[in-house]
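Heads up: the structure comes next, in structure tokens.
The values are calculated or read from the model by the stated rules, or taken from the named source; none is laboratory data. Here the structure is a predicted model, which is why all the values come from computation and not from measurement. Every residue, glycine as well, gets a Cβ built from its backbone with ideal geometry; the counts of neighbours run over all protein chains shown. Just so you know, the surface numbers come from the protein's heavy atoms only, side chains and all, with ligands and any DNA or RNA stripped out. Shrake-Rupley method; radii C 1.70, N 1.55, O 1.52, S 1.80 Å.
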2 protein chains.
Amino acid sequence: MSNCSSQLCGSADQEKSRTEQDALVEQSLAKIKNKFLVMSGKGGVGKTSVSVNLSIALAQQGYKVGLMDVDIHGPDAPRMLGLKDLLGMADNRKLKPLSFSENLSVVSIESLIVNKDDAIIWRGPLKISAIRQFIADVDWGKLDYLVIDSPPGTGDEPLTVAQTIPEARAIIVTTPQEVSLADVRKSISFCRTVNLSIYGLIENMSGLTCPHCSESIDLFGAGGGQKTAEAAGITFLGSIPFDPNLVSCGDAGISYQGKYKDSPVTQAFADMAEKITR
Amino acid sequence: MSNCSSQLCGSADQEKSRTEQDALVEQSLAKIKNKFLVMSGKGGVGKTSVSVNLSIALAQQGYKVGLMDVDIHGPDAPRMLGLKDLLGMADNRKLKPLSFSENLSVVSIESLIVNKDDAIIWRGPLKISAIRQFIADVDWGKLDYLVIDSPPGTGDEPLTVAQTIPEARAIIVTTPQEVSLADVRKSISFCRTVNLSIYGLIENMSGLTCPHCSESIDLFGAGGGQKTAEAAGITFLGSIPFDPNLVSCGDAGISYQGKYKDSPVTQAFADMAEKITR
């Protein structure tokens, strides 16, 4: 088990009562205009990459953005953003999010763990509690957008977000292949069951341009995202091509959009951010 | 919530006592020689694809193989194998696994759900119970290998397998990029914490040959799996190249190894199966 910062793993008697916490959750959420839950049926479709880059694109357009990583077992958002520090304490005794830029602040379980290679072996109830504290006990301040990056699937984490932030809207990320689309349909069924409104669907990794011969390669098929969105009657927010530089930037903790300003991927995220803020 | 076959969702009074179930688990496991838990830190690294193809390769070498899909929220194994039927009942009143071939039988929550697009919105305790029933109440019979495909991360599902099958050995799947390797280190930490022995590490999607110009493209970097295995002192079981045909076969529910008998990917799985059975 990992060494967890004491703010989050306080002993039972230190824990706030549920009603008290509910009030804190409400106070935090009242200062945030828009909440998006980024989810996917299948893992590895680039959900975190989309959350991170959409947050950067929104922040670059001048909006105040918070990125909350609720993937307890695979918290990759801080690594992709090059944020290695631990969370500190704000003046009001709340946890202070990490700052990627003036407009973008970030919270993740990764930023509460001293040894980054430790596994978080938590069953459901502890995860629920951590996610609620990410809202109640973090000094998010006033935000235009809160982007919540959840683990794949329809388990404890997205369910807790849906129950704690009923006004959140889901952005579903998929790759074009059928195995992923089948899981998207489960995500749509999840949202409808828990009354989470669906904002739209993004198709990621939709085609690669060979860096040697510039021919197009369909890694995971093509066009399945748009078709699935249309069949389910939800908005299609756009496609993002596969770019190996997005992988290497994520690995190095460098902002892809800063380094590849004129790339098709950067343009795709800017278009999406514009669509969202319109 | 989904319509679940009544065998698995029986009312509380129908449920067997824990001790009775423990005995059934023990009886089932006693007939299975080798148990492998296929896990990954990050989602979408091709864990299910590896589980499915490794199972096929082992079965093709003449071994009796069971594939148990414990990914409750994204159960893709039956779809990849083209198995659409629901589980039936065996003569001994146990659930009868689906049969992919004479040597390969398969169990998944997907094969207990009538509407495949329904989401399974279960919190931890129900998932634990389902996984235990997959062992206790399924007529696996005598097996040489049980391959268990778990969801990504270090949550309820792999933890339940580790606690229920202490003799299971972990096969960790990764792609070569740092973000995935960081999560592999969490998987290794998980295995050591719960005393699950690690059998080895597989690097998947390690390079693509452009179908147009035949040049090599590093989609997710290269070589990181071997380095991570060496650094952690665990066995490196080999690399599997990326092949878009593996994706399309999985989508269509067609056996890739049957269709592309002489491909590098088929060879890689045959080599791995040989290594395992040696």
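Data table
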{"read-out": "Residue of B:Ser206, B:Ser105, B:Ser216 that the Gaussian network model of chain B assigns the largest fluctuation, springs spanning Cα pairs under 10 Å", "value": "B:Ser216"}
{"read-out": "With Cα atoms, 0 to 90° folded angle of helix A:124-136 axis to chain A main axis", "value": "80 degrees"}
{"read-out": "Area buried, chain A against chain B - accessible surface, total, 1.4 angstrom probe, square angstrom", "value": "4500 Å²"}
{"read-out": "Computed over chain A: relative contact order in percent, which uses C-alpha pairs under 8 Å that are six or more apart", "value": "24 percent"}
{"read-out": "Leading residue at positive end of dipole, the protein assembly as shown (Cβ point charges), from A:Leu24, A:Pro78, B:Ala270", "value": "A:Leu24"}
{"read-out": "At 7 Å out from Cα toward Cβ: A:Gly62 inter-copy label distances (nm, ascending)", "value": "7.4"}
{"read-out": "Signed unit charges on C-beta, dipole axis of the protein assembly as shown, positive-most listed residue A:Ile56, A:Pro158, A:Ala232", "value": "A:Pro158"}
{"read-out": "Computed magnitude of the charge dipole of the range A:123-270 (debye, nearest 20; Cβ of K, R +1, Cβ of D, E -1)", "value": "380 debye"}
{"read-out": "Inter-copy spacing of B:Thr235 label points, which lie 7 Å from Cα along Cα→Cβ, given in nm from shortest upward", "value": "5.2"}
{"read-out": "Enclosed volume per residue, in Å³, of the convex hull spanned by Cα atoms of the range B:45-178", "value": "125 Å³"}
{"read-out": "Accessible surface of chain A [probe 1.4 Å, protein heavy atoms]: carbon and sulfur percent", "value": "48 percent"}
{"read-out": "C-alpha long axis of helix B:264-277 to longest principal axis of chain B, angle in °", "value": "60 degrees"}
{"read-out": "Cβ-based charge dipole, the protein assembly as shown, positive-most Cα from A:Leu126, A:Leu146, B:Ser108", "value": "A:Leu126"}
{"read-out": "Rounded to the nearest 20 debye, dipole of the protein assembly as shown from Cβ charges on Lys, Arg, Asp, Glu", "value": "540 debye"}
{"read-out": "Label distances, nm, A:Asp22 versus same residue in remaining copies, Cβ-directed 7 Å point", "value": "3.9"}
{"read-out": "Size of charge dipole - the range A:69-175 - debye, nearest 20, with Cβ of Lys, Arg +1 and Asp, Glu -1, no other charges", "value": "180 debye"}
{"read-out": "Cα centroid separation, the range B:153-198 to the range B:234-260 (Å)", "value": "22 Å"}
{"read-out": "Surface accessible to a 1.4 Å probe, per residue, for the residues of the range A:162-220, Å²", "value": "32 Å²"}
{"read-out": "Members of the range B:248-262 that become less accessible by 20 Å² or more once partner protein chains are added (1.4 angstrom probe, chain alone as reference)", "value": "B:Asp251"}
{"read-out": "Paramagnetic reach from B:Lys259 in the range B:62-88 [backbone N under 14 Å; point 7 Å along Cα→Cβ]", "value": "B:80-83"}
